[in-house]
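Written out below as structure tokens is the structure these notes cover.
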Amino acid sequence: MSEHIDSLQHETRRFAPSAEFAAASLASPALYDAGRDDPEAFWAEQSRNLLTWEKNFSNVLDWSDAPFAKWFDDGRLNVAYNCLDRHIEAGHGDRVAFHWEGEPGDTRTLTYSELTQEVKRAANMLTELGIRSGDRVAIYLPMIPEAVVSMLAVARIGAVHSVIFGGFSADSIRARVDDANAKLVITADGGYRKGRVSALKPTVDDALAKEGEHSVEHVLVVRRGENEIDWKDGRDLWWHEKMAEASSEHEAESFEAEHPLFILYTSGTTGKPKGILHTSGGYLTQAAFTHKYVFDLKPETDVYWCTADVGWITGHSYVVYGPLANGATQVLYEGTPDTPHPGRWWELVEKYGVSIFYTAPTAIRSFMKVGRQVPDKYDLSSIRLLGSVGEPINPEAWVWYREVIGGGTAPIVDTWWQTETGAIMVSALPGITETKPGSAQVPIPGISVDVLSDSGEHVGKGNGGLLVVTKPWPSMLRGIWGDPERFVDTYWDKFHRPDADNPRLYFAGDGARLDEDGDIWLLGRVDDVMNVSGHRLSTAEIESALVSHPIVAESAVVGASDETTGQAVVAFVILRSDQEDAQTPEEAASILRAHVGEQIGAIAKPRQVFVVSELPKTRSGKIMRRLLRDVAEGREVGDTTTLADTSVMQIISDRLTGKR
Ligand code: WTA
């Protein structure tokens, strides 16, 4: 981390927007002025401009029960109507909503009319299956159009979706299904990844076969992989059969602005993932606003591609809700970036004429590693704007991205936000901001953030501290599903000032630095959350998976810096004494990597598992991860004076270097 800060501090390059881009861009300095003068009036105006309310709101923000917020709460709208029907009413039914491409190269084009028909049919199908407003529906699908159709159909009838990333294990699915009491699971037989069919339905079967009662009445199965699957009569239903029976006439009913829209689970500092709850009117307002102005979206001419999976928040806000509310034409791709060849993404950019491209630094770094000869084979001249999200982007990757993918001219927006914030919070605005490689820079209009010391003082320019959001925002999380106390404790307690005008500041969990201009540089998480390839993983969750294996007595997990993935999971385990000689350390490591894969999912598998005989602990028994990180990153071990037993680190490093 400290090396990272150093390299950021030496970065002084600046990129001013071209006159041409600035002249045509949608954003204007007036947005900042309006957002600063009266943020509530600003958001109310944006909401009325960008969305169609069935019943207009007169209330804007109710913060009287902070940190439980209500936005636009006497208004009514239908989220799916805003993403679909109204575009047809406006005469854009023939516009392409999605150019979908399967990994094997099969394609489907869906216009707004076609997408709307599908969603209406699916809404009727869900109603037929007994799904009602407020019911929870789990979605475990590959990146196929049915994933988007499912989300919108659930939203259309006022039910609540919980999308589970396709890489999660049966245990993770079951924990999420149980926590939300989902009545229905929508899955597929399988989807294409890395050139073969990766099965999904069998994982759902395993999840539901686990001990104990569950809430699921039906499993709807989309046929995609055509792989063999088991079938449970009565419970399992084919999507295509049920869709064929359903009518494509469906009138969208409106719901209150604060009606729940979705739950999305994310890792926190404890072993149990948090179900982040988002609601309708405020969420859609900020998703649409940011998508329009941060990406300078001109829906008539742009082809927009966000590479995120719908299993993550980026897929929710910037594949489904923001872009569709704005009537964008998008690319949706099922597979991995390098299948069947390393130029797959760039081939798609050329094929569809992608003009706005949004991805994660980890992907950029892996392309950088392979070299520019791959993207150079394709015509990327359609690209006019690039976005980055999910982790700090190092200046080298930023500059490579601009030069190689953006033809040396495309502005880059480095967008900082979180599952919890629902939409982009800190980012340059293209055509306005002079960009700095590696810095997310400034809050978007209408948003107020600060960098504070641990005791809550503004750190001032040139200093580092903790990133906070100082005023409520429309797309803010409304809670943690079923756990209001954890919601308050996790985000709103650290900077609780009962006597201030605004008693609650939002603590994001990220470190940040203000440069001499007051621009924000993100420095990574300050808690025990790791960021691997832009995915959030909790050290505690992986530790608890490790100790659930019978050979493990104790474990400690750290995020070590990694050239490609940002951070990598590194585990230290102590084996049970009767197990020490039962397998070699290499065997133990491979057993445990597989076990974590089963317990959580492949994304959580440690890069390395070190078998050790001791773990460094303070006198109060807290594991000193800082020291383990030193070991994992191959550095000299830092200050060990607060260890209960100062010889521990020597024992560990002897063991790892084979001296013992
Ligand atoms: C990190 C993803 C630096 C940050 C949208 C945050 C970033 C966590 C950036 C949220 C960025 C996201 N620069 N760090 N532009 N964007 N992060 O919930 O640590 O999956 O707290 O949301 O990713 O991850 P999440």
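The values are calculated or read from the model by the stated rules, or taken from the named source; none is laboratory data. Just so you know, these numbers come straight off a predicted model, no measurement behind them. Using ideal geometry, Cβ is built from the backbone for each residue, glycine included, and neighbour counts are taken over all protein chains shown.
Key figures
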item: Extreme residue, nearest to Arg156 (Cα to Cα), among residues of region 281-327 that are within 18 Å of the chain's Cα centre (by Cα) and polar (S, T, N, Q); result: Ser317
item: Residue list for region 29-84, restricted to those being among the polar types (S, T, N, Q) and crowded, with 21+ Cβ neighbours inside 10 Å; result: Gln46, Ser47, Asn78, Asn82
item: Output for region 623-660, where each listed residue is within 20 Å of Asp528 (Cα to Cα) and part of a helix (DSSP H, G or I); result: Arg625, Arg626, Leu627, Leu628, Arg629, Asp630, Val631, Ala632
item: Lone unmet requirement of (1) away from the ligand (no atom under 11 Å from the Cβ); (2) under 20 Å from Gly271 (Cβ atoms) for Gly509; result: (1)
item: Criterion: without any contact (Cβ under 8 Å) to a residue 24 or more places away in the chain and part of a helix (DSSP H, G or I) - qualifying residue of Arg48, Arg36; result: Arg48
item: Residue match in region 379-401 (condition: of a type in the set (Ser, Thr, Tyr), buried (at least 21 other Cβ atoms within 10 Å of the Cβ), within 14 Å of the ligand (Cβ to nearest atom) and farther than 17 Å from Trp305 by Cα); result: no
item: Condition met for Leu184 (surrounded by 20 or more Cβ atoms within 10 Å (Cβ to Cβ) and out of contact with any helix residue (DSSP H, G or I) (no Cβ under 9 Å at 6 or more places or on another chain)); result: no
item: Evaluation of Ala556 against (1) in contact with an Asp or Glu (Cβ under 9 Å, 6 or more places away or on another chain); (2) within 16 Å of the ligand (Cβ to nearest atom) (one fails), failing number; result: (2)
item: Hey, Ala170 of a type in the set (Gly, Ala, Ser), under 26 Å from Ser548 (Cα atoms) and surrounded by fewer than 22 Cβ atoms within 10 Å (Cβ to Cβ) or not; result: yes
item: Top-ranked residue in region 403-462 [being among the acidic types (Asp, Glu) and either away from the ligand (no atom under 13 Å from the Cβ) or in the same structural domain as Phe495 (by TED's automatic domain parsing) (or both); ranked as farthest from Ser25 (Cα to Cα)]; result: Asp454
item: Filter result for Ser544 (touching a residue at least 60 places away in the same chain (Cβ under 8 Å), among the hydroxyl-bearing types (Ser, Thr, Tyr) and within 26 Å of Ala288 (Cα to Cα)); result: no
item: Hey, Arg478 of a type in the set (Lys, Arg), under 25 Å from Tyr283 (Cβ atoms) and out of contact with any Gly (no Cβ under 7 Å at 6 or more places or on another chain) or not; result: yes
item: Among residues of region 137-153, those that are in contact with a strand residue (DSSP E or B) (Cβ under 8 Å, 6 or more places away or on another chain), free of Cβ contacts under 8 Å to residues at least 60 places away in the same chain and farther than 19 Å from Arg174 by Cα, counted; result: 1
item: Members of region 597-614 that are assigned to a loop (DSSP other than H, G, I, E, B) and more than 25 Å from the chain's Cα centre (by Cα); result: Val612, Ser613, Glu614
item: Residues located in region 88-113, provided they are farther than 23 Å from Ala308 by Cβ and either at pLDDT below 95 or among the aliphatic types (A, V, I, L, M) (or both); result: Ile88, Ala90
item: Of all residues in region 339-377 being surrounded by fewer than 16 Cβ atoms within 10 Å (Cβ to Cβ) and not in a helix (DSSP H, G or I), the one that is nearest to the ligand (Cβ to nearest atom); result: Arg372
item: Among (1) crowded, with 17+ Cβ neighbours inside 10 Å; (2) more than 25 Å from Ser538 (Cβ to Cβ); (3) of a type in the set (A, V, I, L, M) - the single one Ala209 does not satisfy; result: (1)
item: Condition check for Gly271: at positive phi and out of contact with any Pro (no Cβ under 9 Å at 6 or more places or on another chain); result: no
item: Subset of region 449-482 [surrounded by fewer than 24 Cβ atoms within 10 Å (Cβ to Cβ), among the hydroxyl-bearing types (Ser, Thr, Tyr) and within 25 Å of Leu261 (Cα to Cα)]; result: Thr470
item: Thr307 free of Cβ contacts under 8 Å to residues at least 60 places away in the same chain, crowded, with 18+ Cβ neighbours inside 10 Å, within 16 Å of the ligand (Cβ to nearest atom) and farther than 29 Å from Ser58 by Cβ; result: yes
item: Flag if Ala594 is surrounded by fewer than 18 Cβ atoms within 10 Å (Cβ to Cβ) and under 25 Å from the mean Cα position of the chain (by Cα); result: yes
item: Residue that is farthest from the ligand (Cβ to nearest atom), among those in region 512-526 that are touching a helix residue (DSSP H, G or I) at 6+ places or on another chain (Cβ under 9 Å) and closer than 23 Å to Met624 by Cα; result: Leu523
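Every residue, every condition in (1) in a strand (DSSP E or B); (2) among the β-branched types (Val, Ile, Thr); (3) more than 12 Å from the ligand (Cβ to nearest atom); (4) modelled with pLDDT of 95 or more, yes or no:
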{"site": "Thr314", "(1), (2), (3), (4)": "no, yes, no, yes"}
{"site": "Tyr321", "(1), (2), (3), (4)": "no, no, yes, yes"}
{"site": "Gly327", "(1), (2), (3), (4)": "no, no, yes, yes"}
{"site": "Thr336", "(1), (2), (3), (4)": "no, yes, yes, no"}
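Residue-by-condition table, conditions (1) in contact with a Lys or Arg (Cβ under 9 Å, 6 or more places away or on another chain); (2) farther than 22 Å from Ser475 by Cα:
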| position | (1), (2) |
| --- | --- |
| Arg224 | no, yes |
| Trp239 | yes, yes |
| Ala287 | no, no |
| Thr314 | no, no |
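Listed here are the residues, each with its yes/no results for (1) aliphatic (A, V, I, L, M); (2) buried (at least 20 other Cβ atoms within 10 Å of the Cβ).
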residue: Asp527; (1), (2): no, no
residue: Ala545; (1), (2): yes, yes
residue: Ser548; (1), (2): no, no
residue: Ser555; (1), (2): no, yes
residue: Gly559; (1), (2): no, yes
